[in-house]
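Worksheet: the structure to be examined is printed underneath.
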Amino acid sequence: MSFSWTFEHVKDWSKVCYESKDEDGKKVYRLRQEADALRWICMGVGINRITEKNIKKFCLRLGMLEEVEGYFVYKINKNGEHENALTESVIRKHIGLSTNAHEVTDAKFDRAVVRKLKNRVRTANKRKLVGFKSDLSVEKFETVN
């Protein structure tokens with residue numbers, strides 16, 4: 001099944017979800033970065049539409065994923081640091097976004113996040129061990145009291 005979505009129920013969808021630019025004397029409309037990301041994020045968080053009723057849950061799940069995977073959309077602040085661009089207020093503007101993403105229970109979502117976290121830790125540990133000899137023994141790491 002192909003992925004589908006609609007912004008037709010988003011308030012002021014043409015302004016919130018699209019930006020217009022003049023190119024070669026023609027007005028061109030492009031999907032805004034936030035709208036583009038949120039439609040795909042629906043699959044990642046296991047929620048197929050953003051509503052007033054589920055926005056807190058959507059934001060919680062997105063926050064959990066971002067803790068493991070990093071920001072999906074970010075901006076660079078005055079100090080040159082990455083800052084999350086998908087704040088609750090930005091997501092709130094997209095209430096009405098609807099997709100055919102598969103709905104996932106809280107338990108299944110939580111298990112998926114824990115699995116991602118474990119994989120990330122395993123990968124990080126493998127990187128740390130690269131270059132070390134395999135003959136390291138416990139005696140070499142005695143604690144000092």
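Derivation of every value follows stated rules applied to the coordinates shown; laboratory data play no part. Predicted, not measured: the structure shown is a model, and the values here were computed from it. A quick note on method: Cβ atoms are made from the backbone with ideal geometry, for glycine too, and the neighbour counts reach across all protein chains shown.
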Open item on the list: Taking 22 Å as the cut-off for C-alpha to C-alpha distance, list the pairs among LYS93/LYS118; LYS21/LYS78; LYS21/LYS75; LYS56/LYS118 that go past it.
Closed with: LYS93/LYS118; LYS21/LYS78; LYS56/LYS118
Task: Range of Cα positions in region 28-92 per principal axis (Å), largest first - done: 35, 35, 19
TODO: Would you compute, from DSSP H runs of 4+ residues alone, the mean residue ellipticity of the chain at 222 nm, taking -39500 (n - 2.57) per run and dividing by the full residue count, rounded to the nearest 500?
DONE: -13000 deg cm²/dmol
Task: Set of aspartates and glutamates with alpha-carbon distance to LYS15 below 13 Å, sequence-local pairs under 8 removed - done: GLU34
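Please list the three semi-axes, largest first and in whole Å, of the ellipsoid equivalent to the chain, using sqrt of 5 times the eigenvalues of its alpha carbon gyration tensor.
In descending order, the three semi-axes are 40, 20, 14 Å.
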TODO: Determine, for each peptide in 35-48, 85-98, the mean count of other beta carbons within 10 angstrom over its residues, then list the peptides with the highest first.
DONE: 35-48, 85-98
Open item on the list: As I understand it, the dipole of region 5-141 uses +1 on the Cβ of Lys and Arg and -1 on the Cβ of Asp and Glu, about the Cα centre. Which of HIS94, MET43, THR123 lies farthest toward its positive end?
Closed with: THR123
Task: Cα-centred dipole magnitude for region 5-141, charges only on beta-carbon of K, R (+1) and D, E (-1), debye, nearest 20 - done: 440 debye
Task: Relative intensity, log₁₀ I(q)/I(0), of region 55-106 from a Debye sum that treats every alpha carbon as a point, q = 0.14, 0.20 Å⁻¹ - done: -0.44, -0.83
